[in-house]
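I have placed the structure first, in the form of structure tokens, so that the comments after it can refer back to it.
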Amino acid sequence: MLDLLFDDADDAAFFAGLHRHHDGAHRQPGGLPRLTLPPHAPSRAWLKVEQALAWRGWDTPELQGRLALDLGCAPGGASLALLDRGMRVTGVDTGDMDEAVLRHDSGAFRHLRTPVGRLDPARLPAGVSLILCDINLAPPEVLPHIERLQRALRAPRLILTLKLNIPRWRAAG
Ligand SMILES: C[S@@+](CC[C@H](N)C(=O)[O-])C[C@H]1O[C@@H](n2cnc3c(N)ncnc32)[C@H](O)[C@@H]1O
């Protein structure tokens, strides 16, 4: 498959690439679908989660009706994307959620206004299909929480946004 990436400007350079396509690879160049933030999305996390779902091949009806645990969910762009996809969402954040999420037509959002460190997995509903984490803490702080929760929940899908703003953490990845 030939990939061509253009800038909007008339005289801008363009990039050409060639890759051999195979099952499981995303059709879009760079694995990134060309998405636009919808007006009802309260944050750009809507784009992050939609891109991650598409890149992983999880942007299918398979997730409809399933449960997502959204850690660091406020104000709610990511939760809204999942609700729009027909998922049920339990969101964890001490911050306020946007009305678009709280008043979503599905009524399928539940807000746990607690820090992730106090979240008891035994009190969560069974069958979490996706854990999403977008908590703005450093990876050494947030990853132990993910590990503790995942040991109990065994979710088959995880999407983690890690804030790799220190070169040492990027090298470790
Ligand atoms: C980048 S924002 C999340 C954006 C969100 N995913 C969305 O879709 O709009 C990071 C969030 O992490 C939350 N946060 C920070 N520390 C937390 C903690 N210990 N437990 C739960 N949430 C936390 C903040 O309150 C903040 O809302």
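The values are calculated or read from the model by the stated rules, or taken from the named source; none is laboratory data. Given the structure is predicted, the values throughout are model-derived calculations rather than measurements. As a convention, Cβ positions derive from the backbone with ideal geometry for all residues, glycine included, and neighbour counts pool all protein chains shown.
Of the residues L137, L164, only one is among the hydrophobic types (A, V, I, L, M, F, W, C), within 11 Å of the ligand (Cβ to nearest atom), modelled with pLDDT under 95 and part of a loop (DSSP other than H, G, I, E, B); which?
Result: L137 is the single residue among L137, L164 that is among the hydrophobic types (A, V, I, L, M, F, W, C), within 11 Å of the ligand (Cβ to nearest atom), modelled with pLDDT under 95 and part of a loop (DSSP other than H, G, I, E, B).
From the list R110, R34, R20, which residue is outside any loop (DSSP other than H, G, I, E, B) and charged (D, E, K, R)? Step through it out loud before you land on a result.
Details: R34 fails: outside any loop (DSSP other than H, G, I, E, B); R20 fails: outside any loop (DSSP other than H, G, I, E, B).
Going through R110, R34, R20 in turn, the sole match is R110.
Looking only at region 17-56, how many residues end up being among the aliphatic types (A, V, I, L, M), over 20 Å from V89 (Cβ atoms) and surrounded by 10 or more Cβ atoms within 10 Å (Cβ to Cβ)? Before you say what the answer is, go through the steps one by one.
Kept after step one, since they are among the aliphatic types (A, V, I, L, M), are these residues of region 17-56: 18, 25, 32, 35, 37, 41, 45, 47, 49, 52-54.
Restricting the remaining residues to those that are over 20 Å from V89 (Cβ atoms) gives 18, 25, 32.
If we keep only those that are surrounded by 10 or more Cβ atoms within 10 Å (Cβ to Cβ) too, we end up with 25, 32.
Residues meeting the conditions: 2.
Determine, yes or no, whether D96 is under 22 Å from A41 (Cα atoms) and not in a strand (DSSP E or B).
In short, yes.
Which pairs do you get when a residue that is crowded, with 16+ Cβ neighbours inside 10 Å, found in region 149-160, comes within reach of a residue that is among the small types (G, A, S), reach meaning Cβ atoms under 7 angstrom, with the pair 6+ apart or on two chains?
Filtered contacts from region 149-160: A155/S129; R157/S129; I159/A52.
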